[in-house]
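Step one of this worksheet: look at the structure below.
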């Protein structure tokens with residue numbers, strides 16, 4: 001089925017028949033609603049003892065955790081167990097739907113291996129063959145993510161236990177209709193995956209080009225290089241401090257115990273999870289209430305600033321679109337306020353993304369989707385200590401940025417603690433003569 005055919009099916013479904021209101025919203029009049037536990041067997045995962053090497057060494061059976069749940073089929077997982085480990089776990093057959101129910105609520109996947117297991121953060125759904133199609137249930141779980149979160153017990157880490165999970169109401173069509181719906185949605189998903197593969201290939205080309213440019217310079221021939229404390233750089237480049245070129249300001253968490261607004265407000269809140277492709281993914285954007293905005297309104301980001309993540313997944317960098325100018329920024333990121341915007345605003349997102357010289361690695365932080373909890377700055381990279389590479393438009397160093405004079409802050413907060421550096425250099429045209437370069441589009 002092609003995308004146009006799938007769209008035609010959707011139009012037909014929307015135009016056919018009437019709907020009825022239910023506890024989960026409108027559904028076709030001839031559909032029913034059943035609790036998940038009635039139409040499937042639910043199994044909570046189990047982790048084999050990590051002290052037993054025979055359970056893990058050279059394992060081949062996928063051991064699925066929330067990181068593996070990306071809304072599609074799962075043939076391989078980040079970790080695997082052995083046959084001995086399988087006997088100490090709860091085996092799941094191919095086709096099983098898996099849903100995360102601790103910390104990350106509502107992430108979904110479908111086992112595409114002969115057998116797999118999950119950890120205890122995941123509930124597995126084995127549909128009853130005469131009542132439910134597995135891919136239909138997978139898409140239903142994605143659609144029902146808000147009720148899943150509503151059913152979670154709110155503690156420091158949100159938990160949707162097996163008992164409540166089995167009570168989740170599922171809209172139920174006839175089996176032929178379920179399979180038709182799943183087929184249409186799978187067609188769309190495959191098209192999205194193909195597009196994502198193209199984007200991933202382009203990003204890989206970009207990464208390779210960045211590595212070459214920031215190691216050997218932009219000339220037609222590789223420039224001579226030298227070793228520095230942050231790696232190999234062109235011989236005629238110099239290392240200077242980040243504080244000499246930008247003003248670094250952190251974002252801010254919600255007040256302790258406060259939640260995001262129930263719906264859109266005039267005050268969007270950008271989280272690290274929203275950082276994508278050097279911009280912001282607005283599909284799951286959160287918003288703050290007017291009252292909370294008044295408390296954190298000083299911690300916003302302009303479309304002329306550059307963001308960089310400093311906790312959780314570190315090193316993500318980019319700019320925010322103009323329609324998000326003035327949005328609040330998470331405490332897990334910092335903004336770089338750039339005075340020489342003409343030269344640097346287009347350069348820094350890519351340069352920061354190189355992550356050259358990062359020493360703290362990717363550290364976990366608190367769940368940004370949930371009420372604010374106390375989190376230590378020890379989990380964060382000190383933004384003043386993030387080394388980046390940059391070509392200057394002149395051979396003069398940039399003016400010292402405001403607010404960057406506290407050089408000891410990194411060690412005090414347990415951050416990377418390294419030297420704050422940036423490459424600044426006249427750009428060489430390959431023939432030894434320096435010339436100005438401006439970054440475009």
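For region 199-227, enumerate the residues that are in contact (Cβ under 8 Å) with a residue 40 or more places away in the chain and either in contact with a strand residue (DSSP E or B) (Cβ under 6 Å, 6 or more places away or on another chain) or farther than 26 Å from residue 338 by Cβ (or both).
If the condition is that a residue be in contact (Cβ under 8 Å) with a residue 40 or more places away in the chain and either in contact with a strand residue (DSSP E or B) (Cβ under 6 Å, 6 or more places away or on another chain) or farther than 26 Å from residue 338 by Cβ (or both), then 199, 217, 219, 220, 221, 223 are the ones that fit.
Does region 248-255 contain at least one residue that is surrounded by fewer than 16 Cβ atoms within 10 Å (Cβ to Cβ) and under 26 Å from the mean Cα position of the chain (by Cα)?
yes
Could you tell me whether region 301-310 includes any residue that is under 14 Å from the mean Cα position of the chain (by Cα) and outside any loop (DSSP other than H, G, I, E, B)?
Yes, the conditions are met somewhere in region 301-310.
Name every residue in region 318-340 that is over 26 Å from residue 261 (Cβ atoms) and either crowded, with 24+ Cβ neighbours inside 10 Å or not assigned by TED's automatic domain parsing to the domain that holds residue 265 (or both), in order of residue number.
The answer is 336, and nothing else.
Being modelled with pLDDT under 95 and not in a helix (DSSP H, G or I) is true for just one of 71, 59. Which residue is that?
One residue alone meets the criteria, 71.
What number of residues within region 74-94 satisfy the criterion of being assigned to a helix (DSSP H, G or I), surrounded by fewer than 18 Cβ atoms within 10 Å (Cβ to Cβ) and out of contact with any helix residue (DSSP H, G or I) (no Cβ under 7 Å at 6 or more places or on another chain)?
Residues in region 74-94 being assigned to a helix (DSSP H, G or I), surrounded by fewer than 18 Cβ atoms within 10 Å (Cβ to Cβ) and out of contact with any helix residue (DSSP H, G or I) (no Cβ under 7 Å at 6 or more places or on another chain): 2 in total.
With region 199-298 as the region, which strands (runs of 3 or more DSSP E) entirely inside it contain at least 3 residues that are assigned by TED's automatic domain parsing to the domain that holds residue 317 and either closer than 21 Å to residue 331 by Cα or in contact with a helix residue (DSSP H, G or I) (Cβ under 8 Å, 6 or more places away or on another chain) (or both)?
Because the criterion is at least 3 residues that are assigned by TED's automatic domain parsing to the domain that holds residue 317 and either closer than 21 Å to residue 331 by Cα or in contact with a helix residue (DSSP H, G or I) (Cβ under 8 Å, 6 or more places away or on another chain) (or both), the strands (runs of 3 or more DSSP E) in region 199-298 that meet it are 231-234, 246-250, 268-270.
Out of all the residues in region 228-238, which are in contact with a strand residue (DSSP E or B) (Cβ under 8 Å, 6 or more places away or on another chain) and either more than 27 Å from residue 316 (Cα to Cα) or surrounded by 11 or more Cβ atoms within 10 Å (Cβ to Cβ) (or both)?
228, 230, 232, 233, 234, 235, 236, 237, 238 - these are the residues of region 228-238 that are in contact with a strand residue (DSSP E or B) (Cβ under 8 Å, 6 or more places away or on another chain) and either more than 27 Å from residue 316 (Cα to Cα) or surrounded by 11 or more Cβ atoms within 10 Å (Cβ to Cβ) (or both).
Tell me yes or no: at least one residue of region 19-35 is within 30 Å of residue 116 (Cβ to Cβ), at pLDDT 90 or above, under 32 Å from the mean Cα position of the chain (by Cα) and assigned by TED's automatic domain parsing to the domain that holds residue 163.
yes
Which of (1) crowded, with 16+ Cβ neighbours inside 10 Å; (2) within 21 Å of residue 144 (Cα to Cα); (3) at pLDDT 95 or above does residue 38 not meet, given it meets every other one?
Just one mismatch for residue 38, condition (1).
Does region 34-84 hold any residues that are closer than 16 Å to residue 108 by Cβ and free of Cβ contacts under 8 Å to residues at least 40 places away in the same chain, and which are they?
67, 70, 73, 75, 77
The values are calculated or read from the model by the stated rules, or taken from the named source; none is laboratory data. This is a predicted model, so every value here is computed, not measured. Note that each Cβ is placed from the backbone with ideal geometry, even for glycine, and that neighbours are counted across all protein chains shown.
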